[in-house]
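See structure below.
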Amino acid sequence: MFAIKKLEEYLRSSATPVASRELTRLLEALKEEKEFPLSSLYEIDYEAFELAVEAMRDWRIDRYYAGNTDTHRPAAGSNAPQSSQPNHALAAMDL
């Protein structure tokens, strides 16, 4: 998740207070798979907005691949429940 690393660097180095707040909220929502009001991204500068879009794109791709791996599915005929834990790079991120 290269976009997440770029976003974290932006937050550490050059984010405005509003961008920092909204991007942190977005990352937490993605990490916890909760709702996030996209209209709040209107408040941030264009560079921060582009980083947010990249992060959402990477998150979506990561979720697609996480959902399509055989290691995350129970064996055929198994009654074992699937894990409800988020399985993506954001889960390991420190916010």
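Fewest first, what order do 64, 46, 10 take by the number of other Cβ atoms within 10 Å? Each step should come with its number before you reach the end.
Values: 64 10, 46 7, 10 18.
Ascending Cβ contact count within 10 Å gives the list 46, 64, 10.
Stretched out straight at 0.36 nm per residue, the stretch from residue 63 to residue 50 would grow longer than its current Cα-Cα span by 2.7 nm. Summing charges over all other residues whose Cβ lies under 12 Å from the Cβ of residue 40, with Lys and Arg as +1 and Asp and Glu as -1, gives -1. Each Lys or Arg adds one and each Asp or Glu subtracts one; over the other residues with Cβ under 13 Å from the Cβ of residue 20, this totals -4.
The numbers here are math on the coordinates, done by the rules we state, and not lab data. In this text, all values refer to a predicted model and were calculated from it rather than measured experimentally. Cβ coordinates were reconstructed from backbone atoms using ideal geometry, including for glycine residues, and neighbour counts include every protein chain displayed.
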